[in-house]
1. Every residue in segment 271-297 that is open to solvent by less than 30 Å² (accessible area, probe 1.4 Å) and under 12 Å from Ser259 (Cβ atoms), please.
2. Counting only residues that are surrounded by fewer than 15 Cβ atoms within 10 Å (Cβ to Cβ), modelled with pLDDT of 85 or more and out of contact with any Lys or Arg (no Cβ under 9 Å at 6 or more places or on another chain), how many does segment 82-117 have?
3. Considering only segment 419-442, state which residues are open to solvent by less than 10 Å² (accessible area, probe 1.4 Å) and at pLDDT below 95.
4. Which residues, counting only those in segment 325-347, are assigned to a helix (DSSP H, G or I), open to solvent by less than 40 Å² (accessible area, probe 1.4 Å) and among the hydroxyl-bearing types (Ser, Thr, Tyr)?
5. Taking the condition of being under 20 Å from Ser389 (Cα atoms) and touching a residue at least 40 places away in the same chain (Cβ under 8 Å), how many residues in segment 431-440 meet it?
6. Would you confirm whether or not segment 313-324 contains a residue that is of a type in the set (Lys, Arg), open to solvent by 50 Å² or more (accessible area, probe 1.4 Å) and at pLDDT below 95?
7. Looking at Lys207, is it under 17 Å from Ala257 (Cβ atoms), open to solvent by 10 Å² or more (accessible area, probe 1.4 Å) and of a type in the set (Lys, Arg)?
8. Which of (1) over 24 Å from Met231 (Cβ atoms); (2) surrounded by 19 or more Cβ atoms within 10 Å (Cβ to Cβ) does Phe168 not meet, given it meets every other one?
Amino acid sequence: MATAAKTKPILHIEVRLKSSRGVFVRTDLVRREVADWLSTEFLNLSIDQDVNGYDDLEHAHVIDSINVVDASGTAVDTAVYKLDQVQLDVQAYELHSDDGSPSRRVIEQWPEQEMDQPQARVTLLPSRALSGAWDSLVYEDKIPARLLQFMTRMILLMKRPGLNLSIFNWNRLILLHGFPGTGKTTLCRALAQRLTIRLGRHYTSGKLVEINSHALLSKWFSESGKLVGKMFEDIQTMANEETTFICVLIDEVESIAGSREKSVRGSDCSDGLRATNQLLTALDRLRDRHNIMVMCTSNMLTAIDPAFLDRVDAKQHIPNPGPTAIYEIFRSCLNELIRTQLITSIPDSTAVTDFGGGSSGTGDYSSSPGSPFASSYGADSWELLDAVSIPSYAEMNVHLFNQPLAPARRLWQIAQKCDGLSGRTLRRLPFLALAMHTFGDVCSLHEALSALAAAVEQEAYSMRVRDVGASMV
């Protein structure tokens, strides 16, 4: 009996181009040349690898960087891929600058004196302003990568020539839901950026349309439905350019997709009901547009109308970070503070002031192979050989498992005390810790960790007080 051939994993390579300043660059030629060069010169590549040595390529003068960003398909146990066992997907792109020109504009459908804020913001993709959004996301379950793979696959399947879309109930509508501060909006923006790059063979440009759902709720009776309808008419017009990929982001979608049944039972103003009806109608009209993807976020899933939820192709819960993700979030923040010398990484052999109720400790750095420190004068005297950064969670577990006072192990202990804190709060705490619990222009890494422990303890206490207050209401 014949068996189906095993599909090779796809290794995704992104080639960022230098600013062309109006000079036309054939991205298809760049893609082809880089793909041929990689296949010839490399036996294997690893995820997150920055590829160098392309100076002799014909198009080297227009290449800013070459990065191995992701892999899709059959999972492997290692991040290293042999090139004879994968398919290469090379994409070339140029970032658009956010200079207030046509790359980023606002949509205002009412006279300025009647509108407090714009109803939508349009950004050309890929955008320089969003270039770091993807790397700032830290989730334990590879949520961003899975969503990107699913959405890319969805677009490409529905773009198949001759496919009768009326047979399928696909709306290209994604909903991210969860507690506030979990990074849902940032994730949507990052997905829009990555989707535009990954679909570069099929679309020559991209746009991110961020709809301000609160601004669509008019103070004038019965006008909210009209505003929603007009907004999506504008999006339909944008989509007439079929070589442009459009990502629509509706933040806090429950504002314009609230439950109509609850509105009727509560005798609420029918304006919100009209807005929900208009949104559902507009989404149905977008179904035959292969170049539109709609992403929505919500903090209150139960407040959304069931008819809207029925149209959603994929619902993804975005949880608060777990301990491993919390460690990585703190690690990225502290390493940035080390890089900019707000925190000094020089080991301190003296006892550290205990801000947060933990035990004092000494600078305990390993002199094992690979350690950035080496002892020249004895156990308590250290010489800095390399710039120090806090290692990844995986590296910490392997190399520092028996060193409880090493900075990385102390950071892991702090991360385990942050259960229930949002990603937004976690990224605020390192700076808050320095401002509240340290003095002077710079501080040592151990002082920074003690300050962070104190800030975490204060935040956890505040959260417990809020929870007790909420339970008494």
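1. Thr276
2. The number of residues fulfilling the criteria is 2.
3. Leu421
4. Tyr327
5. So the count comes out to 2.
6. Step one: of segment 313-324, the residues of a type in the set (Lys, Arg) are 315.
Now restrict to residues that are open to solvent by 50 Å² or more (accessible area, probe 1.4 Å): 315.
If we keep only those that are at pLDDT below 95 too, we end up with none.
There is no residue in segment 313-324 that is of a type in the set (Lys, Arg), open to solvent by 50 Å² or more (accessible area, probe 1.4 Å) and at pLDDT below 95.
7. Details: under 17 Å from Ala257 (Cβ atoms): no; open to solvent by 10 Å² or more (accessible area, probe 1.4 Å): yes; of a type in the set (Lys, Arg): yes.
In short, no.
8. Unmet for Phe168, out of (1) over 24 Å from Met231 (Cβ atoms); (2) surrounded by 19 or more Cβ atoms within 10 Å (Cβ to Cβ): (2).
The values are calculated or read from the model by the stated rules, or taken from the named source; none is laboratory data. Bear in mind that the values here come from a model prediction, so they are computed numbers and not experimental data. Cβ atoms come from the backbone with ideal geometry, glycine included; neighbour counts cover every protein chain shown. Each accessible area value is taken on the protein alone, full model and side chains, heavy atoms only, with ligands, DNA and RNA left out. Shrake-Rupley method; radii C 1.70, N 1.55, O 1.52, S 1.80 Å.
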